[in-house]
Amino acid sequence: MKMLRAMSAGAAVFFAVGAASAQQGAPTFDAVKARGSVNCGVSTGLAGFSLANSQGQWTGLDVDVCRAIAAAMFGDANKVKFVALSAQQRFTALQSGEVDVLSRNTTWTLSRDTSLGLDFTGVSFYDGQGFMVPKKLNVKSAKELNGATVCVQPGTTTELNLADWFRANRLQFTPVVIERLEEVNAAYFSGRCDVYTTDISGLAAIRASQAPNPADHVILAEVISKEPLGPAVRHGDSKWADLVRWSYYAMLEAEEMGISSKNIDSLASSTNPSVQRFLGTQGEYGKMLGVDAKWAAAIVKQVGNYAEVFERHVTPLGIERGVNKLWKDGGLQYAPPMR
Ligand SMILES: N[C@@H](CCC(=O)N[C@@H](CS)C(=O)NCC(=O)O)C(=O)O
C-alpha cells in the first residue's frame with residue numbers, strides 16, 4: 001500500500017485509465033459484489049461528515065452515502081469498510097483500487113473529472129470556501145486579512161482558491177500548509193495561524209468539535225468559491241457509477257416523496273405508482289441496476305432519506321439546509337425521475 005501511495009499521481013492515473021480501457025464489463029461492480037462489501041474512502045475525521053468513535057464506528061453524511069450504496073448492493077448498510085484518507089492521499093487511493101468510492105468532501109472539478117480519471121456521481125453537499133478567525137482579532141471582513149498567516153491543507157481546491165482570492169484582491173498572506181487534519185487544527189487553535197480556511201462545512205465541524213470554546217471563533221461572511229462535494233468513482237465502470245449515483249438519488253427521491261425510515265413500512269400497501277416503483281413492487285428497476293428489487297427501500301429503512309441523514313449529522317453543527325434543500329423547497333438538490 002505504501003508503494004502504491006508512493007507512486008506519482010501521474011503514474012497512478014496512467015495505470016488506472018489504462019486498466020479501465022483494457023477491461024470491458026463492470027470490474028468494480030463485480031469486484032464489490034464478489035468481495036461482499038464496499039471499500040469506502042472517507043476523510044480522517046470531520047464531525048457530521050465522517051468521524052469514527054473509540055470503537056471504530058463511523059458516522060456522518062459522507063459515511064451514510066457509503067452505507068446507502070451497501071444497502072442497495074447487499075441489502076445491508078453495514079457491509080462497508082471505511083478507509084480514512086487525507087486530502088493528499090485520496091485520489092491515489094481511488095486510482096489504485098484501494099477504495100471503490102470516495103465519499104469525502106471532495107469537490108467536483110474539471111481537472112479531477114478528466115485528467116485524474118475520476119467520475120463524480122452527484123453532489124451530496126453544496127458548499128463553498130470560507131475563513132474562520134478568532135473573534136478577538138475583531139476581523140469583520142476577509143478584505144481585512146492583508147498580511148495574515150493562513151492554515152490550509154495541501155492537495156485541496158482550498159489551497160488554490162486561497163491563492164487566487166488573495167491575488168485577485170491584491171492582498172498578501174503567508175500560507176501554513178499542513179497535511180494532517182489534527183495538526184492543522186492544533187496549529188490554528190494554538191495561534192500559529194491567524195486564519196483557518198476550508199469548506200464552510202469543514203470550518204463549522206472543526207469549530208463545533210475541536211475549539212476549546214466554539215464561541216471564540218467566527219466564520220466570516222465571504223464565500224470565495226463553489227465547492228460541490230460528492231461521491232467519486234474511477235472512470236470506466238459505468239455500472240458501478242450508476243449504482244453509486246442512484247443510491248444517493250434514492251435518498252433525495254425518498255425525501256421528495258415523503259418516504260422516511262419511520263413510515264416506509266406503513267407504505268407497503270400504497271396504491272401510488274411512484275411509491276410502488278420506489279418500494280420495488282412495480283417495475284424492474286433493481287434488475288436494471290443489477291441489484292435486488294428492494295434496493296431503494298433498503299436504503300431508506302436502514303440509512304434514511306436525505307433530510308433524515310442531514311438532520312442527524314449536519315444540523316447539530318449549526319449548519320442550515322440552505323442551498324442543500326430540495327429543489328421544490330428552493331434549494332439545489334434534485335434527483336432525476338426513478339422510472
Ligand atoms: N473540498 C476540498 C477540500 C477537502 C478537504 O480535504 N478538506 C479538509 C479540511 S476540512 C479535510 O477534509 N480534511 C480532513 C482530513 O484530512 O482527513 C477539496 O476537495 O479539495
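The values are calculated or read from the model by the stated rules, or taken from the named source; none is laboratory data. Keep in mind it's a predicted model, so treat the numbers as computed, not measured. Positions of Cβ are generated from backbone atoms using ideal geometry, with glycine treated the same way; all protein chains shown enter the neighbour counts. Side chains are part of the model used for accessible areas, which takes the heavy atoms of the whole protein and leaves out ligands, DNA and RNA. Shrake-Rupley method; radii C 1.70, N 1.55, O 1.52, S 1.80 Å.
Values as computed for the structure displayed
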| read-out | value |
| --- | --- |
| Residue in the range 259-305 that is nearest to the chain's Cα centre (by Cα), counting only those that are part of a loop (DSSP other than H, G, I, E, B) and of a type in the set (A, V, I, L, M) | V303 |
| Residue check, S270 open to solvent by less than 20 Å² (accessible area, probe 1.4 Å) and of a type in the set (G, A, S) | no |
| Looking only at the range 172-221, and only at residues there that are open to solvent by 20 Å² or more (accessible area, probe 1.4 Å) and among the acidic types (D, E), the one that is nearest to the ligand (Cβ to nearest atom) | E179 |
| Selected residue [more than 24 Å from Q210 (Cα to Cα), acidic (D, E), touching a residue at least 24 places away in the same chain (Cβ under 8 Å) and in contact with a strand residue (DSSP E or B) (Cβ under 6 Å, 6 or more places away or on another chain)] from D127, D119 | D119 |
| Which numbered condition N161 misses (of (1) away from the ligand (no atom under 11 Å from the Cβ); (2) open to solvent by 30 Å² or more (accessible area, probe 1.4 Å); (3) within 24 Å of the chain's Cα centre (by Cα); (4) not basic (K, R)) | (1) |
| Qualifying residue in the range 233-249 (condition: over 20 Å from S124 (Cβ atoms), out of contact with any Leu (no Cβ under 7 Å at 6 or more places or on another chain) and open to solvent by 50 Å² or more (accessible area, probe 1.4 Å)) | yes |
| Count - residues of the range 49-64 that are touching a helix residue (DSSP H, G or I) at 6+ places or on another chain (Cβ under 6 Å) and either within 27 Å of A293 (Cα to Cα) or part of a loop (DSSP other than H, G, I, E, B) (or both) | 4 |
| Residues of the range 31-89 satisfying the condition of being hydroxyl-bearing (S, T, Y) and under 19 Å from A241 (Cβ atoms) | S37 |
| Leading residue by the ranking (surrounded by the fewest Cβ atoms within 10 Å (Cβ to Cβ)) among those in the range 65-95 that are within 16 Å of the ligand (Cβ to nearest atom), part of a strand (DSSP E or B) and not aromatic (F, W, Y) | A84 |
| Check on G331, assigned to a loop (DSSP other than H, G, I, E, B) and open to solvent by less than 10 Å² (accessible area, probe 1.4 Å) | no |
| Cβ-Cβ under 9 Å pairs, at least 6 apart or on other chains, the range 245-269 side among the basic types (K, R), far side crowded, with 16+ Cβ neighbours inside 10 Å and assigned to a helix (DSSP H, G or I) | K262/E308 |
| Test: residue in the range 19-38 that is among the aromatic types (F, W, Y), modelled with pLDDT of 95 or more and surrounded by 14 or more Cβ atoms within 10 Å (Cβ to Cβ) | yes |
| Residue in the range 140-147 that is in a strand (DSSP E or B) and either more than 10 Å from the ligand (Cβ to nearest atom) or under 26 Å from Q333 (Cβ atoms) (or both) present | no |
| Count of the range 106-116 residues which are touching a residue at least 60 places away in the same chain (Cβ under 8 Å) and open to solvent by 30 Å² or more (accessible area, probe 1.4 Å) | 3 |
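Quick grid of which residues meet (1) modelled with pLDDT under 95; (2) of a type in the set (S, T, Y); (3) assigned by TED's automatic domain parsing to the domain that holds A31:
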| site | (1), (2), (3) |
| --- | --- |
| A221 | no, no, no |
| R234 | no, no, yes |
| W240 | no, no, yes |
| E256 | no, no, no |
| K262 | no, no, no |
| S270 | no, yes, no |
